[in-house]
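Scroll down for the structure; my scribbles are underneath it.
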Amino acid sequence: MGWGDPDRIFYRLCWGFSLGMVFLVLGIGITLFWGSLPSLKAFGWHFLVGRIWDPVNEKFGALPFLVGTLITSFGALILTLPFALSSGIFLAEYAPPRVADALSTVIDLLAGIPSVIYGLWALFYLVPLVRWVEMKLGVIPFGLGLPTASLVLAVMILPYAASIIREVLRMVPHELKEAAYGLGATRWEVIRGVSIPYGLSGIVAGLLLSLGRALGETMAVTMVIGNRSEMPRSPWDLANTMASVIANEFTEASRDIHLSALIEIGLLLFLITLAVNILARIIILRLQVR
Amino acid sequence: MGNKETIVDPRGPIIFDIRNLWAYYGEKPAVKGVTCKIPEKRVTAIMGPSGCGKTTFIRCLNRLHELSPGARVEGEIFLRGKNILEIDPVVVRRRVGMVFQKPNPFPTMTIYDNVLAGYKLLGIRLRREEADRLVEEALRKAALWDEVKDSLHKRGTYLSGGQQQRLCIARALAVKPEVLLMDEPTSALDPKSTAKIEELVVELKKTVTIVIVTHNIAQAGRVSDYAAFFYLGELVEFGPTSQLFTVPRDKRTEEFLKGKFG
């Protein structure tokens, strides 16, 4: 059983590659931290609360992007929630198995469409739609901006949210549903009174995972958010997210401190998505223990 | 199909009058042309080897069978003269409650809320005193009150298996059904809990009709007034338990009671 044993080689190989992935995550974190050091030193905590992002005068405050990211992501989550819940419930409880399988496949396909295509679609269809609504409401009809970015994000995370909700509802034990039916509950009463309470933590975790995707989504958002690096003054305003400002400015950042500030935004985004994902995993883990 | 002489009509008031009942899963019949009458406020035991259709049979009595994919029912089931296959299943299930093989209290609810689940799920609002009274009454009937009266607001899943099953009985009783169906209610329980449930079954027949499925012959003998023997989807024999156990009229019943199959 030396090094020559194929079984042993394979074992070590698998171990090595698995460990490699852990190092990859750590490495990305360290690289981001290293790259942000100049910015961290120069601005400290002010970076997080600074409202001015002015690369020409070397003033770097990331608050507008934090706000832009949070508004678009949570906006997307709220917009997607009724659709995700209803399609998840339909697929798990109402649709005949064949229909459910076919629809689930279509939903999974939606998740596989490249981000840039969602961006193009949003430019051609969502932007005129939002502009029309804005004209009706009497606000500046940009068409682009926070509402458009939230909408496209809502569409993009819908497949994840819907399939997670479907899976969670499918995990509800059959005996519990029968118990409720046996008491004279209708299908809707069973869903509302048994299935959803039973799967609640899973549903919350699924929505958090979807939120994680929305936070980091770059291409489609960059195409429709308007790319203005100021604090948004209304929910209809042009803005920038953390991901979109990096995508926009990275290639043009000529000064070291500008580059470092962008990397620090990347570090922030990395930490936020990591936290959201870990939180979701903890909830799922607790669910499985029960 | 069991011939007429092996199906004895019970004496006294009848609650269920079942005529030529067939139940299918897809094309496969699981219950084949069952005709019998179930006496009111008595315990009727349904016996038979596994796969004989006894569970499917009682699941027809509260129309739970139809929930299985591809399930279908033919025939007539009269509950106090009304064919339940022609009324809203939701109404049927309020009148005919069920206790399942595995205790299944709702894990997201407290003991108190579990007992009231039949009201809460349907969105029926109760006044506080009325709710308290219903809970106590149902738990007393299920012989669980003394054990849980100080922990009503703990989750039902903290209880032992036997207590959970009695909680499920209380939950079924709380909506005041006319019939309580029990599908092998003790098969997941230890002997002590089993004895307790059996005592309870005998006690409960004062107020409610009980139809209990069991593959345990001795249990059927201990708790039931009437007994039915199912084999391969057919009702082979039905009659007073004392009679069916001592002088079975069908050879297959006799063999089953002797432990030849099952």
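The values are calculated or read from the model by the stated rules, or taken from the named source; none is laboratory data. Since the structure is predicted, the reported quantities are computational estimates derived from the model, not experimental observations. Counting neighbours? That spans all protein chains shown, and the Cβs are built from the backbone with ideal geometry, glycine included.
The table below lists the values:
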read-out	value
Filtered residue count, segment B:106-117, keeping only those that are surrounded by 17 or more Cβ atoms within 10 Å (Cβ to Cβ), within 8 Å of another protein chain (Cβ to nearest Cβ) and either in a strand (DSSP E or B) or not aliphatic (A, V, I, L, M) (or both)	2
Residue within segment B:74-84 that is without any contact (Cβ under 8 Å) to a residue 24 or more places away in the chain and either assigned to a helix (DSSP H, G or I) or within 14 Å of chain A (Cβ to nearest Cβ) (or both) present	yes
Top-ranked residue in segment B:1-33 [being assigned to a helix (DSSP H, G or I) and among the charged types (D, E, K, R); ranked as modelled with the highest pLDDT]	B:Glu5
Residue among B:Val99, B:Val115, B:Val90, B:Val148 that alone is touching a Ser or Thr at 6+ places or on another chain (Cβ under 7 Å) and within 23 Å of A:Leu176 (Cα to Cα)	B:Val90
Flag if A:Leu129 is more than 14 Å from every other protein chain (Cβ to nearest Cβ) and touching a helix residue (DSSP H, G or I) at 6+ places or on another chain (Cβ under 9 Å)	yes
Long-range neighbours under 7 Å by Cβ, at least six apart or interchain, first residue within 14 Å of chain A (Cβ to nearest Cβ) within segment B:171-197, second among the aromatic types (Phe, Trp, Tyr)	B:Asp183/B:Phe100
Residue within segment A:160-168 that is surrounded by 19 or more Cβ atoms within 10 Å (Cβ to Cβ), of a type outside the set (Lys, Arg) and within 14 Å of another protein chain (Cβ to nearest Cβ) present	yes
Qualifying residue in segment B:121-143 (condition: within 30 Å of B:Ala23 (Cα to Cα) and either of a type outside the set (Lys, Arg) or buried (at least 18 other Cβ atoms within 10 Å of the Cβ) (or both))	yes
When residues of segment A:178-225 are limited to those that are surrounded by fewer than 23 Cβ atoms within 10 Å (Cβ to Cβ) and assigned to a loop (DSSP other than H, G, I, E, B), the one farthest from the other protein chains (Cβ to nearest Cβ)	A:Thr218
Pair list, Cβ under 8 Å, 6 or more apart: segment A:55-82 residue closer than 15 Å to A:Ala149 by Cβ, other residue among the acidic types (Asp, Glu)	A:Pro64/A:Glu230
Single condition B:Ile124 does not satisfy, out of (1) modelled with pLDDT under 95; (2) away from every other protein chain (no Cβ under 14 Å)	(2)
Residues within segment B:93-104 that are crowded, with 17+ Cβ neighbours inside 10 Å and more than 8 Å from every other protein chain (Cβ to nearest Cβ), tallied	4
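Every residue, every condition in (1) surrounded by fewer than 21 Cβ atoms within 10 Å (Cβ to Cβ); (2) farther than 18 Å from B:Thr253 by Cα, yes or no:
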position: B:Cys36; (1), (2): no, no
position: B:Pro49; (1), (2): yes, no
position: B:Thr56; (1), (2): no, yes
position: B:His65; (1), (2): no, yes
position: B:Glu74; (1), (2): yes, yes
position: B:Arg80; (1), (2): yes, yes
position: B:Ile84; (1), (2): no, yes
position: B:Pro89; (1), (2): yes, yes
